[in-house]
Every structure is written in C-alpha cells, then in structure tokens.
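Chemist: One structure, as structure tokens, below. Some questions next.
The values are calculated or read from the model by the stated rules, or taken from the named source; none is laboratory data. These numbers were taken from a predicted model, which means no experiment stands behind them. So basically every Cβ, Gly included, is an ideal-geometry build from the backbone, and we count neighbours across all protein chains shown. Note: areas computed on protein heavy atoms with side chains; ligands, DNA, RNA excluded. Shrake-Rupley method; radii C 1.70, N 1.55, O 1.52, S 1.80 Å.
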Amino acid sequence: MLFLVVALFLFGVLMGTAGHVPVPVTVVAGIAIVAWLVVFFTRERRKAAKGGGR
C-alpha cells in the first residue's frame, strides 16, 4: 500500500496538479495523506482484532 501511495505521489508531481504548486506544499500534502492512511489502518486493525470485522 505504501508503494502505491509513493507511486501516485511521484506521478502527481510529474503530471498532475502537484506539478503546479511548490514542492514544499506537495510534500506537506503527501505527509498529511500518509498520516491519515496510517491512522485509518491502525483503527481498522484494532477493530478487526476486537472481532468487530465485517
């Protein structure tokens, strides 16, 4: 999953909207997305460990 995030981030830098904003803004946005994914992953793992899975 992390590979996919990095690949999409790099593709965005080269081709997408991220290519039109300064690099620091793009990096901060990428870090925010990764942090959100880590929080989401952690919450889902805890839910599955408690038996509340789907």
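Chemist: Any residue in segment 1-23 that is open to solvent by 70 Å² or more (accessible area, probe 1.4 Å) sitting within a Cβ distance under 7 Å of a residue that is in a helix (DSSP H, G or I)? List the pairs, counting only those 6 or more apart or interchain.
Modeler: Pairs found: Phe9/Gly30.
Chemist: Here's another thing I want to ask about it. Please go through segment 29-48 and give me each residue that is open to solvent by 90 Å² or more (accessible area, probe 1.4 Å) and closer than 18 Å to Phe3 by Cα, ordered by number.
Modeler: Ile31, Ile33, Trp36, Phe40, Phe41
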